[in-house]
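The values are calculated or read from the model by the stated rules, or taken from the named source; none is laboratory data. Note that the structure is predicted; figures quoted are calculated from it, not measured. All Cβ positions, even for glycine, are placed from backbone atoms using ideal geometry, and neighbour counts span all protein chains on display.
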């Protein structure tokens with residue numbers, strides 16, 4: 001798994017929602033949160049970024065760390081699984 005730096009928005013309930021994240025120095029802006037779900041120790045977010053790729057981000061609530069658990073890159077009208 002890849003550790004991320006994540007920019008979040010805390011809604012009226014104080015729940016953090018990712019708005020952008022960094023892999024190394026590359027910034028990925030979240031266009032839409034497609035889905036979200038809870039596990040006992042983690043929160044997951046399925047997001048589409050502005051370049052059209054799909055990512056699943058995992059937030060460890062206790063440690064505050066974020067990880068990339070899945071991605072599907074969109075390239076030239078084709079989906080490429082990595």
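Figure legend. Inter-residue proximity from segment 1-17: first residues within 15 Å of residue 43 (Cα to Cα), second residues modelled with pLDDT of 65 or more and loosely packed, with under 11 Cβ neighbours inside 10 Å, beta-carbon distance below 7 Å, spacing 6+ or different chains. Indicated pairs: 16/10; 17/11.
Of the strands (runs of 3 or more DSSP E) entirely within the chain, those holding at least 2 residues that are loosely packed, with under 13 Cβ neighbours inside 10 Å and modelled with pLDDT under 90 occupy 2-10, 78-81.
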